[in-house]
1. Checking Leu149 against (1) in contact (Cβ under 8 Å) with a residue 24 or more places away in the chain; (2) among the aliphatic types (A, V, I, L, M); (3) surrounded by 15 or more Cβ atoms within 10 Å (Cβ to Cβ), which test does it fail?
2. Please count how many residues of segment 19-47 are under 24 Å from Gln177 (Cβ atoms) and more than 9 Å from the ligand (Cβ to nearest atom).
3. Within the set of pairs 6 or more residues apart or between chains, which connect a residue that is within 11 Å of Arg41 (Cβ to Cβ) and of a type outside the set (Phe, Trp, Tyr) inside segment 71-94 to a residue that is at pLDDT below 95 and near the ligand (Cβ under 9 Å from one of its atoms) with Cβ atoms less than 7 Å apart?
Amino acid sequence: MDRKGVLTVISGFSGAGKGTLVKKLLQDYDNFALSVSMTTRKPRPGEKDGVEYFFVDQDEFEKKIEENGLIEYARYCDHYYGTPRSYVEQQLAAGRDVILEIEIQGALQVKKKFPEALLLFVTPPSAAVLKQRLEGRGTETGDVIAKRLARAYEESEGMDAYDYIVVNDDLELCVRQLHGMIEAARSEPVRQSGFIREIREELKGFREGAE
Ligand code: 5GP
């Protein structure tokens, strides 16, 4: 079977626990490469340039857009966020599974450019749990939380466009589910076109031999 990398987009409401999930996925399984996005938002305490994000100013971000250096980008709560192109393309070509942890506008752009991409949407079990998690994080002001909740409502309207909805209630279970979905995606015909072509050719040879 072909062993091409699967491009997986993981989106979810801010506070759905995506970051923790992705971290655990990378710890538990080999072969994943996590794309580091570029953003104009300021680092939160503890965040380092080049680890959580490449932190840049607006001019630098816009230059990257002009150079076609991003495979997608979006504005989210007054800031730009985007996925640098070169890393993703290199990793996929090397057969690694690439994870993009991005919001919905970006996810839809990726699906247009890479129709075989797998789109997963992570959600807490309920809106009330989402609100509690955002408040409990303690890194955001009430104003920012309100903005993120309003944004979550808008994003909920786009959930239908995803391949799978993943409820993040139990971390371990959720990571296993995500991994299972990525493994299953590897077997989709769209990703196995080389294998399909080969086996068809072989079968054709047998048929001709029998005639
Ligand atoms: P945060 O500021 O909490 O780190 O991220 C805010 C939102 O931006 C999250 O939903 C996150 O998934 C999304 N995001 C992070 N990087 C990118 C990116 O490269 N492109 C897009 N479209 N969204 C991103």
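1. Every condition holds for Leu149 apart from (1).
2. Total satisfying the criteria: 15.
3. Cys77/Arg148; Cys77/Arg151
Quick grid of which residues meet (1) at pLDDT 95 or above; (2) assigned to a strand (DSSP E or B); (3) within 12 Å of the ligand (Cβ to nearest atom):
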position: Glu60; (1), (2), (3): yes, no, no
position: Asn68; (1), (2), (3): yes, no, no
position: Tyr73; (1), (2), (3): yes, yes, yes
position: Val88; (1), (2), (3): yes, no, yes
position: Gly95; (1), (2), (3): no, no, no
position: Leu100; (1), (2), (3): yes, yes, yes
position: Gly106; (1), (2), (3): yes, no, yes
position: Val122; (1), (2), (3): yes, yes, yes
position: Lys131; (1), (2), (3): no, no, no
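The values are calculated or read from the model by the stated rules, or taken from the named source; none is laboratory data. The structure displayed is predicted, hence computed values, not measured ones. FYI the Cβ positions are ideal-geometry reconstructions off the backbone, even for glycines, and counts take in every protein chain you see.
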